[in-house]
1. Can you pull out the residues in region 2-58 that are outside any loop (DSSP other than H, G, I, E, B) and among the basic types (Lys, Arg)?
2. Can you tell me which condition Asn150 does not meet? The list is (1) of a type outside the set (Ser, Thr, Tyr); (2) within 21 Å of Leu104 (Cα to Cα); (3) open to solvent by less than 50 Å² (accessible area, probe 1.4 Å), and all the others hold.
3. State whether the residues of region 38-53 include one that is farther than 26 Å from Arg90 by Cβ, among the small types (Gly, Ala, Ser) and modelled with pLDDT under 95.
4. If you check Lys56, Lys91, Lys141, which single one turns out to be within 30 Å of Ser21 (Cβ to Cβ) and not aliphatic (A, V, I, L, M)?
5. Can you tell me which residue is farthest from Asp88 (Cα to Cα) among those in region 1-33 that are hydroxyl-bearing (Ser, Thr, Tyr) and surrounded by 12 or more Cβ atoms within 10 Å (Cβ to Cβ)?
6. Evaluate region 84-101: report whether one residue or more is out of contact with any Leu (no Cβ under 9 Å at 6 or more places or on another chain), open to solvent by less than 20 Å² (accessible area, probe 1.4 Å) and not β-branched (Val, Ile, Thr).
7. Is there any pair linking a residue in region 34-61 that is open to solvent by 100 Å² or more (accessible area, probe 1.4 Å) to one that is assigned to a helix (DSSP H, G or I) and at pLDDT 95 or above, with Cβ under 8 Å and at least six apart or on different chains, and which?
8. Considering (1) on the phi > 0 side of the Ramachandran plot; (2) crowded, with 21+ Cβ neighbours inside 10 Å; (3) not acidic (Asp, Glu), say which one Lys109 fails and leave the rest.
Amino acid sequence: MWDVQRTALDGLLLLTPRIFSDPRGHFLETFNIVAFKEATGLEVDFVQDNESLSKKNVLRGLHFQAEPHAQGKLVRVVQGAVLDVAVDIRKNSTTYGQHVNIRLDSMSKRMFWIPPGFAHGFVALENNTVFAYKCSAQYNKAAERTIQWNDTDLAIDWDVTDPIISEKDAVGTPFKGNWG
């Protein structure tokens, strides 16, 4: 069902679905629990689906939930395009503080698996970008955390000069020594 590629950071997976196209359009299966387990070797119970609509240059992140409410996310773009970023916040990891950025768009239909232990964010590259994701844990406001999207220690190139960010994201916490 999916072609699975591993990234430079252990645990992050890029999944490319099989798309059936004909003159009428296309069809794809966006999730199947059996196929997901076979393709990734992971057993994940998704408990919540979320969707956002963003204008071009809207930056959301870097977000995660603290233990014991950490979330894994299977993210994808329904319409438009994003630069998607995952930061390793697992203190015992050899790649702690490193990040991966991947372009996701509605044409390729690729999905990105971000396991618990990573902070996540994205910037919309097009107007009317619809971003959808499955979560492995319920949203818990008390466990919600935000790392500064422009933290100099992380040095993420968001490829946008003047992002549109929320108040919450504007006052994120510096990365160094705070997460894991």
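The values are calculated or read from the model by the stated rules, or taken from the named source; none is laboratory data. Bear in mind that the values here come from a model prediction, so they are computed numbers and not experimental data. Ideal geometry is used to build each Cβ from the backbone, glycine not excepted, and the neighbour counts take in all protein chains shown. Side chains included, ligands, DNA and RNA excluded: accessible areas come from the protein's heavy atoms. Shrake-Rupley method; radii C 1.70, N 1.55, O 1.52, S 1.80 Å.
1. Arg6, Lys37
2. (3)
3. Within region 38-53, none of the residues are farther than 26 Å from Arg90 by Cβ, among the small types (Gly, Ala, Ser) and modelled with pLDDT under 95.
4. Lys56
5. Only one residue tops the list, namely Thr30.
6. no
7. none
8. Status for Lys109: all satisfied but (2).
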